[in-house]
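Here the structure comes first, spelled out in structure tokens, and everything after it is commentary.
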Amino acid sequence: MKLEVVEIEDLKSPGPLKVILLKDVEGIGNQFDVVEVNRRLARTNLLLTQKAAYASPFNLQYYAEMKEKMKDELEKRIRIPYDYILLGRELIKKVISLRVSMENPWLLDKLVVKASLRQEGVEIIDDMIFLENKNLRGPNIELEAHLLRFYVVVCNQYIIPMIGRICHTSSDESKQVLYPETTRMPTKEDFKKYGIVEEQPYFTEKAEILEDFDVVGLMMQRRQDNK
């Protein structure tokens with residue numbers, strides 16, 4: 001008796017669907033990109049909302065011609081790398097405990113911030129950290145739980161605004177003091193008290209944000225422009 005293996009087509013996964021993006025879609029691609037996506041995502045989101053079209057022979061030719069006609073316009077568009085966007089979203093949500101000594105003199109500078117970021121699992125491989133207030137010194141228990149704004153720069157292109165909170169620490173546990181403000185998320189009133197307003201990251205296409213760049217001045221001007 002001869003037996004044959006028969007593949008049941010209905011049980012076989014149809015695989016991804018090839019579509020043409022009609023606009024920039026975060027995490028998927030840019031306008032006129034031809035991409036393969038999950039069929040459910042394509043049918044229930046991209047195609048239904050006209051963010052994409054089927055990659056049929058006609059559509060491929062039609063949108064290729066349209067892309068060529070819009071070449072100059074597309075080149076002028078500023079597109080932020082998706083990994084920058086994701087990183088910015090994560091960092092903006094954090095309140096970094098800026099750990100300073102309760103016994104030894106300190107000046108809150110980028111080295112303190114860099115070490116504190118590392119303790120929070122954020123590794124900064126260069127010194128692209130910019131503080132709005134460069135005159136905070138201690139030990140000064142009146143500065144405990146003080147909130148402040150600082151910025152980190154990714155690849156000399158992407159400025160991410162972050163929040164720090166001063167936290168005095170001591171190797172002597174008997175001197176360690178816990179304040180409620182250091183263990184909870186800041187409120188709108190807390191931010192208002194320290195003059196901190198909501199800010200969005202800033203992106204430049206050229207990697208021109210170097211150590212001597214006035215990052216704080218730029219971001220302050222953007223805040224003024226947004227009032």
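The values are calculated or read from the model by the stated rules, or taken from the named source; none is laboratory data. Note that the structure is a prediction, hence the values are computed from the model and not measured. Don't worry about glycine lacking a Cβ; one is built from the backbone with ideal geometry, like all the others, and counts go over all protein chains shown.
Of all residues in the stretch 43-70, exactly one satisfies the criterion of being among the polar types (S, T, N, Q), within 33 Å of the chain's Cα centre (by Cα) and within 12 Å of I20 (Cα to Cα), namely Q50. The criterion of being surrounded by fewer than 17 Cβ atoms within 10 Å (Cβ to Cβ) and of a type in the set (G, A, S) does not hold for A145.
For the structure I just gave you, tell me whether E173 is surrounded by fewer than 17 Cβ atoms within 10 Å (Cβ to Cβ) and either at positive phi or at pLDDT below 95 (or both). In short, yes. Checked against the criteria, F191 does not count as of a type outside the set (K, R), under 22 Å from the mean Cα position of the chain (by Cα), surrounded by 15 or more Cβ atoms within 10 Å (Cβ to Cβ) and within 28 Å of P81 (Cα to Cα).
The test for being over 19 Å from the mean Cα position of the chain (by Cα), of a type in the set (D, E) and under 29 Å from I85 (Cβ atoms) does not hold for D172.
Specify the residue that is surrounded by the most Cβ atoms within 10 Å (Cβ to Cβ); the eligible residues are those in the stretch 74-116 that are touching a strand residue (DSSP E or B) at 6+ places or on another chain (Cβ under 6 Å) and of a type in the set (S, T, N, Q). Checked the stretch 74-116; the qualifying residue surrounded by the most Cβ atoms within 10 Å (Cβ to Cβ) is S116. Among the residues making up the stretch 18-53, those that are in a helix (DSSP H, G or I) and within 24 Å of P81 (Cα to Cα) are L41, A42, N45, L46.
Could you say whether any residue in the stretch 129-142 is under 12 Å from L91 (Cα atoms) and in contact (Cβ under 8 Å) with a residue 60 or more places away in the chain? Within the stretch 129-142, not a single residue is under 12 Å from L91 (Cα atoms) and in contact (Cβ under 8 Å) with a residue 60 or more places away in the chain.
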